[in-house]
Amino acid sequence: MAMITTVQQHILQQQQETLKSTGREATGTFSWLLSGITLATKMVEAKIRSAGLDDVLGAAGAENVQGEQQQKLDVYANQALLHCLGLRDSVAALVSEEDEKPVTFNRDPEAGKYIIVFDPLDGSSNIDVNVNVGTIFSILRRLPPEHGTLEESILQQGFRQVAAGYVVYGPSTVLVYTTGNGVFAFTLDPKIGAFVLSSERMRMPEQGSYYSVNEANAAGWPEEFRTYITKLREGELGKEYSSRYIGSLVADFHRTLLKGGVFLYPPTTKQPKGKLRLLYEANPLAFIAEQAGGVATNGVSRVLDIKPEGIHQRTPFCVGSPREMELLAATVGGR
Ligand code: AHG
Ligand code: MN
Ligand code: MN
């Protein structure tokens, strides 16, 4: 029988390695947390597979804090994550795109050590047309009370993340995550209902052949972004590019991680600060990109260094291979 490694086994192996290399007793808390996330994503995946039958398509008839029409699946995914994670006593707070304020549990700081930030359902506009959607999560450690409040713990810079990951619900359902020791991918095996290790220590190619941006906004971008796309089109990097834009960040990111190239959501006239959210879209994907040898900026500076001011703060988001991101820095970063 072929040996399989599930995500739970992998986390425990990682913790053994941490113990060996740092002597730091990595408690089982983290794997218990992750099992809460994977359980919730399996619930979402099951709902998506039968979406047309279970009346989970379409709008929920309410707006979320972003003023966006909530889809039924947004609400379902949010409830699944809040339910599966709220029961874990190591959780101090849950921050969701779909909730205006963090959900906090007044647990003793010694017990409630982690904060989980998530976009429960990314790519909502694609749900009803059967196109890939995703779930994105980021895990922060609560600061010791003498170093900061729970609120300050939530607003830590992205380089303080202890883990980040996403699940992309597509032809297959793939979980990709990092705890700072490389990027690993697990494919959900429907026959056994477990995420099984499928890629280890993933590396983003040095250069790709796709650029990914919503060109409908081009007139509203800062001029340097139009110049950048023209440079790619005109072969400045010595190769032809093709355009791919799915409209689900997780799917556009996953392709960029595997094939290289660049994804951009620049500032636009409508969204001068960018559309994507720092805490639960840009930060987790930036952590994964860097762990795979990629680069993630807001066009000018490193995403993971941005100091968050609010939990729903937006940022321009540019992520991709070193070659394309070098050209972006030279063109947009004003170097
Ligand atoms: P969400 O469904 O969580 O609100 O995220 C949607 C985001 C992201 O998934 C995608 O990259 C972007 O919206 C697409 O925006 P445009 O339709 O403006 O291109
Ligand atoms: Mn999203
Ligand atoms: Mn969402």
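What follows is calculated from the coordinates using simple rules that are stated; it is not laboratory data. Small disclaimer: the values here were computed from a predicted structure and weren't measured. Positions of Cβ are generated from backbone atoms using ideal geometry, with glycine treated the same way; all protein chains shown enter the neighbour counts.
Using the number of other C-beta atoms within 10 angstrom as an exposure proxy, rank His83, His147, His254, His312 with the fewest first. Write out the running numbers ahead of the final one.
Working: His83 13, His147 9, His254 22, His312 17.
With the sparsest Cβ surroundings first, the list reads His147, His83, His312, His254.
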Seminar exercise, completed: Gyration tensor on Cα atoms of region 27-78, a ≥ b ≥ c root eigenvalues, a/c under 1.5 rounded, else prolate if a/b beats b/c, else oblate, says oblate
Exercise. Based solely on its DSSP helices, what 222 nm [θ] is calculated for the chain when runs of n ≥ 4 H residues each add -39,500 (n - 2.57) and the sum is averaged over all residues, nearest 500 deg cm²/dmol?
Worked result: -9000 deg cm²/dmol
Problem set entry | Loop sites in region 4-106: chymotrypsin sites (Phe, Trp or Tyr not before Pro), DSSP, at most 12 other Cβ within 10 Å | none
Seminar exercise, completed: Quick calc, Ala216 & Thr29: beta-carbon distance into FRET formula, R0 41 Å, rounding 0.05, result 0.35
Seminar exercise, completed: Using eta = 1.567 mPa s and T = 4 °C, Stokes-Einstein with Kirkwood Rh from Cα pairs puts D for the chain, in µm² s⁻¹, at 64 µm²/s
Seminar exercise, completed: In the chain, lysine pairs 8 or more places apart or on different chains with C-alpha atoms under 25 Å apart total 24
Seminar exercise, completed: Here the FRET efficiency for Thr149 versus Gln313, based on Cβ atoms and R0 = 22 Å and rounded to 0.05, is 0.75
For this session: Could you give the spread of the C-alpha atoms of region 210-332 along their three principal axes, from largest to smallest, in whole angstroms?
Result: 40, 32, 26
Seminar exercise, completed: Restricting to Cα pairs under 8 Å and 6 or more apart, the percent relative contact order of the chain works out to 15 percent
